[in-house]
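Q: Below you'll find the structure I mean.
The values are calculated or read from the model by the stated rules, or taken from the named source; none is laboratory data. These figures come from a predicted structure and were not determined experimentally. Virtual Cβ from ideal backbone geometry, glycine too; neighbours counted across all protein chains shown.
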Amino acid sequence: MTRTDAEARALFARLTGQEPTGLWSAPGRVNLIGEHTDYNDGFVFPFAIDFRTVVAVGARDDVRIRVVSTFDEVPVEVALADLDALFPARRDDIVEWARYPLGVAWALRAAARDAGVDASASLTGIDLAFSSDVPVGAGLSSSAAIEGATAAALNDIWGLGLDRVTLAQAGRRAENEAVGAPTGIMDQMASMLGESDAGIFLDCRSLEADVVELGFAAAGLELLVMDTRVTHAHSTGGYRERREACERGAAIVDVPALRDLSVDDLPRAQELMDDVTFRRVRHVVTEDQRVLDAVRTLRADGPRAIGPLLDASHASMRDDFEISVPELDLAVDTARSAGAVGARMTGGGFGGAAIALVDRDLVPDVTAAVEAAFAEAGFAKPHVFTVHPSAGARRDA
Ligand code: ADP
Ligand code: MG
């Protein structure tokens with residue numbers, strides 16, 4: 001039993017005075033490559049990591065749902081029948097963190113109805129106690145982890161029999177409508193479908209997902225996360241501006257989404273639009289191609305061969321999409337100079353983390369080099385650690 005499991009059990013016992021009937025968990029994720037492509041109907045290639053959110057669960061004799069977390073030990077309780085009135089209209093009545101699990105309960109009930117599962121009679125009340133070792137706000141998607149753990153647990157306890165893609169969609173709906181964060185489906189799919197030593201190659205239009213062996217361990221490689229701990233105030237506005245630029249670009253060339261453009265279409269696109277819009281478009285179109293290339297290269301030549309694609313992805317985000325910051329550039333450049341096979345910022349940008357693919361033996365050197373470079377530049381100390389491709393949402397006990 002992990003420490004997180006023990007914490008969830010103990011919290012459940014404090015809440016109810018009883019033992020939980022079961023433990024479920026779901027992981028965070030890192031995106032290996034494919035940034036800002038999800039909302040353009042494109043390709044992404046994330047993997048689930050060995051940091052998880054665990055939920056201890058027990059059924060109740062009534063029809064109420066109660067959630068509590070080690071982040072906030074004040075329980076939040078509502079009647080199941082009230083969820084439809086709460087979300088999305090009155091979501092502000094619920095403290096923000098609790099909107100994630102309660103939003104998933106709401107979205108799952110709706111998904112079960114849509115799937116023709118007559119669950120109304122069998123939906124028992126439920127207590128959920130969460131614990132997690134996924135760092136919050138480091139770009140590792142603690143939000144998908146809490147959503148995935150909740151969805152997996154409720155699907156089993158309520159006997160809904162929904163498939164994993166439907167559970168991922170319920171998580172996304174909770175995040176979009178119950179929390180109010182306009183995010184894509186990548187995080188939830190990675191958290192649901194992850195497997196050890198594998199990445200999830202996802203087509204964000206069809207939601208077709210391929211599990212692709214990564215082979216990092218066999219190649220003697222580690223994936224290093226360099227969390228800059230920078231959160232920039234304009235990240236929300238910047239994200240919206242980039243989304244709008246992508247929509248504008250697609251409209252100008254008259255395609256449903258940038259996914260429908262290929263690298264060969266770029267010269268024509270450049271003639272039709274202003275420089276800034278064009279560079280936003282070029283990032284997305286070339287990034288989609290880099291995801292396809294990364295999957296093909298990995299299968300053909302192994303993980304070491306994808307280094308240049310990671311580097312090119314970073315350059316594109318820095319120069320064309322303009323979402324990097326000095327801390328991310330420094331982490332990437334330093335990791336590479338210290339011997340990383342490849343490195344890039346990951347996540348939405350304007351702060352957060354960068355990743356580097358590094359020979360196992362070089363991990364201490366790269367870590368020390370990045371820390372020293374940050375100290376030299378007068379930046380706050382970064383948090384540098386390794387992550388390993390791991391299993392998706394599951395029942396643990
Ligand atoms: P991230 O990049 O980590 O996903 P988000 O802002 O998308 O950052 O989601 C973080 C939010 O999710 C937290 O502020 C909190 O509201 C909620 N959350 C995540 N994990 C937990 C947890 N274990 N317990 C309670 N709330 C959580
Ligand atoms: Mg998130």
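Q: Given the options Ala48, Ala8, Ala26, name the one that is more than 16 Å from the chain's Cα centre (by Cα) and either of a type in the set (Gly, Ala, Ser) or in the same structural domain as Gly125 (by TED's automatic domain parsing) (or both).
A: Answer to the selection: Ala8.
Q: What are the pairs, 6+ residues apart or on separate chains, where a residue within the stretch 65-87 that is touching a residue at least 12 places away in the same chain (Cβ under 8 Å) and under 21 Å from Pro135 (Cβ atoms) has its Cβ under 6 Å from a residue that is among the charged types (D, E, K, R) and surrounded by 14 or more Cβ atoms within 10 Å (Cβ to Cβ)?
A: Pairs found: Thr70/Glu7.
Q: Considering only the stretch 200-213, state which residues are among the β-branched types (Val, Ile, Thr) and surrounded by fewer than 22 Cβ atoms within 10 Å (Cβ to Cβ).
A: Val211, Val212
Q: When you look at Leu298, is it away from ligand 1 (no atom under 16 Å from the Cβ), within 23 Å of the chain's Cα centre (by Cα), in a strand (DSSP E or B) and not acidic (Asp, Glu), yes or no?
A: Criteria not met by Leu298.
Q: Can you tell me how many residues in the stretch 350-397 are more than 24 Å from Gly28 (Cα to Cα) and in contact with a Gly (Cβ under 6 Å, 6 or more places away or on another chain)?
A: The number of residues fulfilling the criteria is 1.
Q: Sticking with this structure for a sec: Restricting the stretch 128-139 to residues that are modelled with pLDDT under 95 and more than 6 Å from ligand 1 (Cβ to nearest atom), which is farthest from the chain's Cα centre (by Cα)?
A: Pro135
Q: Counting just the residues of the stretch 148-157 that are surrounded by 21 or more Cβ atoms within 10 Å (Cβ to Cβ) and of a type outside the set (Ser, Thr, Tyr), which one comes out nearest to Ile126 (Cα to Cα)?
A: Result: Leu154.
Q: Related question: Among (1) under 15 Å from the mean Cα position of the chain (by Cα); (2) at pLDDT below 95; (3) more than 24 Å from Leu224 (Cα to Cα), which single condition is Ala115 missing?
A: (1)
Q: Return yes or no: is Ala110 of a type in the set (A, V, I, L, M, F, W, C) and surrounded by fewer than 17 Cβ atoms within 10 Å (Cβ to Cβ)?
A: It is true that Ala110 is of a type in the set (A, V, I, L, M, F, W, C) and surrounded by fewer than 17 Cβ atoms within 10 Å (Cβ to Cβ).
Q: Can you find a residue that is surrounded by 18 or more Cβ atoms within 10 Å (Cβ to Cβ), among the small types (Gly, Ala, Ser) and in the same structural domain as Arg296 (by TED's automatic domain parsing) anywhere in the stretch 214-232?
A: Within the stretch 214-232 (the criterion being surrounded by 18 or more Cβ atoms within 10 Å (Cβ to Cβ), among the small types (Gly, Ala, Ser) and in the same structural domain as Arg296 (by TED's automatic domain parsing)), the answer is no, since none of the residues qualifies.
Q: Within the stretch 237-265, track down each residue that is surrounded by fewer than 17 Cβ atoms within 10 Å (Cβ to Cβ) and touching a Phe, Trp or Tyr at 6+ places or on another chain (Cβ under 8 Å).
A: Within the stretch 237-265, Arg243 is the sole residue that qualifies.
Q: Can you tell me how many residues in the stretch 180-206 are out of contact with any Cys (no Cβ under 8 Å at 6 or more places or on another chain) and within 16 Å of ligand 1 (Cβ to nearest atom)?
A: Number satisfying all stated conditions: 11.
Q: Among what's in the stretch 301-335 and is among the charged types (D, E, K, R) and outside any helix (DSSP H, G or I), pick the residue that is surrounded by the fewest Cβ atoms within 10 Å (Cβ to Cβ).
A: Restricting to residues being among the charged types (D, E, K, R) and outside any helix (DSSP H, G or I), the top hit is Glu322.
Q: Just wondering, is there one or more residues in the stretch 160-176 that are among the hydrophobic types (A, V, I, L, M, F, W, C), more than 12 Å from ligand 1 (Cβ to nearest atom) and surrounded by fewer than 19 Cβ atoms within 10 Å (Cβ to Cβ)? I'd like the intermediate steps shown before the answer.
A: Pass one, the stretch 160-176, residues among the hydrophobic types (A, V, I, L, M, F, W, C): 160, 162, 165, 167-168, 170, 174.
Subset that is more than 12 Å from ligand 1 (Cβ to nearest atom): 160, 162, 165, 167-168, 170.
So of that shortlist, the ones also surrounded by fewer than 19 Cβ atoms within 10 Å (Cβ to Cβ) come out as 165.
Yes; the residues of the stretch 160-176 include at least one that is among the hydrophobic types (A, V, I, L, M, F, W, C), more than 12 Å from ligand 1 (Cβ to nearest atom) and surrounded by fewer than 19 Cβ atoms within 10 Å (Cβ to Cβ).
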